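Take a look at the structure below.
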Amino acid sequence: MTVQPSKASIGLPKKTQSLCPECKAVIDADIFEENGKVVMQKECKEHGEVKDIIWSDVDLYLKAEKFALDGIGVENPNTKNRMGCPSECGLCDQHFSHTALANIDLTNRCNLKCPICFANANAAGYVFEPSYEEVVKMLELLRAERPVPTHAVQFSGGEPTLHPRFLDIVKKANELGFSQVQMATNGIKLARDPSYAQELVDAGMHTVYLQFDGVKEENYISCRGKPLLDTKIKAIEHNRMTNPKPLSTVLVPTIVNTINDDQVGPILDFAIENCDVIKGVNFQPVAFTGRISREKRNRQRFTLTDLVDRLVDHTPYLTKDDFYPVPTVAPISYLSGVIAGSAKLTFTCHSHCGIAAYLFIQEDGKIIPVTKFVDVPGMMSQMMRLADKASGKGAQLFLRLMGAVKTDKSKQKSLVKNFNKYFGQYINENEMPEGLDIPALIGGIISEGDKQAVGQFTWRTMFVGGMHFQDLYNYDIQRVQRCAVHYATPDGRLIPFCSYNGGPYWREQVEEKFSVPISEWRGGKIVED
């Protein structure tokens, strides 16, 4: 079994453990409803009380918990946690999720000096830039993870394109079998060099995660310290020109309340207008690093449900009911794993880490959320029931579903044939967009036999969602234990995102261990702008 009911606390009020923003000591925290919002309150005996809003909509918060599932973690953890989370990350044997997405920081050098960034050589005073050989070892560590080798890796920084062997690293990731190779970039290299996007494609790059803070120039001046809108537009245009198809691009806006929260709707509009190259918008509500006054934090805090509110208010086609937490889709992987007889990539992060909707964009411009023609809770529950039944009775359900066939193509055809029997009641054909073949899509995903059907679906949809990474003010250790986004480090560890960047600050410890002072780095030159 690859998923199970979550052991995380559910319902309100509830208790968890958090960290003191000052001394980072583990302290108890209460989570409760206050004026329709979900609030965390905690108190350090030495540094006093801290109170912060976690989600601004209690109903969506409680809805997300209904889809909470835990994974099986990793069979080969790199450390045994004897002191308690989050003191010994590795991954450790207290972790519930395998790596759904791995981050590898290739450098902390950057050609920008963003005031909201937590990875900056200028501020750190040293340069962290693993060698090609060190990066390869990190990639091999990820592919050796069991029971599920890491499928997706994202190269980040700093600015990853500054690494002198970046294209070689992309090629090596493909050679090692990563099915998704991504980069998180500010787009400067892509904008300045029209041929660079094609070089990335030729090396094996699948997706560009492009920092994108709005469609107004003042947003970049506020968040990034300089005008960059034209740079973003040029980067997207150059991604559009690659062969044999446009280089898939996901916009990644960091949203700060009162700074650029008014851009949430216009950013989605821009993405839809450019859906031939832009495949999603992954909003990231700001995570506060360092000290910040309570007044400023309350003013600038932006939660996942604030994101939903802005999108619903802006669009005529989205409602709150169209948004679901990340682990909603875990039953698809669970059923796929039972049928295949081996564990599959399963998104079992904490139910409050992220929220998303999928939009289907018709050729006539009409936009239809997937939830308008798919009963998401019903279908996912049915998949869980089928997977549980199959895992308990061996091959019996497998034979009924697959017709005792052997090839992937035959499995897919058999599942499509039997789709209506098992899932037809959860599809509203009257609302389904013309030309969309849901049986073929679901069959392709579960049996992994029709990549073309899955690709076609992805090509005509827009992912819109958000991941709210934690900071010391809203830190929840139960979330950390279920994190599915992990950093690979040069010392052979995998560290959850929110531990690496927003908790005990593993980033500082790792980078200092594998860094050199700025004065010793190529004559002190750290920025190449």
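Okay, here's what the table says:
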item	result
Qualifying residue in the stretch 98-115 (condition: touching a Ser or Thr at 6+ places or on another chain (Cβ under 8 Å), touching a residue at least 60 places away in the same chain (Cβ under 8 Å), of a type in the set (D, E, K, R) and buried (at least 18 other Cβ atoms within 10 Å of the Cβ))	yes
Any chance Thr328 is at pLDDT 95 or above and farther than 28 Å from Met183 by Cβ	no
Subset tally (residues that are surrounded by fewer than 24 Cβ atoms within 10 Å (Cβ to Cβ) and either at pLDDT below 85 or among the hydrophobic types (A, V, I, L, M, F, W, C) (or both)) for the stretch 481-491	1
Criterion (touching a Leu at 6+ places or on another chain (Cβ under 6 Å), among the β-branched types (Val, Ile, Thr) and within 22 Å of Gly158 (Cβ to Cβ)) met by exactly one of Thr249, Thr254	Thr249
Checking Leu62 against (1) buried (at least 19 other Cβ atoms within 10 Å of the Cβ); (2) within 27 Å of Leu307 (Cα to Cα); (3) free of Cβ contacts under 8 Å to residues at least 60 places away in the same chain; (4) of a type in the set (A, V, I, L, M, F, W, C), the condition it does not meet	(1)
One residue from Gly449, Gly455, Gly444 being loosely packed, with under 13 Cβ neighbours inside 10 Å and either modelled with pLDDT under 65 or part of a loop (DSSP other than H, G, I, E, B) (or both)	Gly455
Candidates Ala29, Ala25 - the one that is touching a strand residue (DSSP E or B) at 6+ places or on another chain (Cβ under 7 Å) and free of Cβ contacts under 8 Å to residues at least 60 places away in the same chain	Ala25
Candidates Tyr334, Tyr317, Tyr358, filtered to the one that is over 30 Å from Val50 (Cβ atoms), assigned to a strand (DSSP E or B) and out of contact with any Asp or Glu (no Cβ under 6 Å at 6 or more places or on another chain)	Tyr358
Residue match in the stretch 80-95 (condition: surrounded by 15 or more Cβ atoms within 10 Å (Cβ to Cβ), of a type outside the set (D, E, K, R), within 22 Å of Ser293 (Cα to Cα) and touching a Cys at 6+ places or on another chain (Cβ under 8 Å))	no
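The values are calculated or read from the model by the stated rules, or taken from the named source; none is laboratory data. If you're wondering where the values come from, they're calculated on a predicted model, not measured in any experiment. We place every Cβ from the backbone using ideal geometry, glycine too, and count neighbours over all the protein chains shown.
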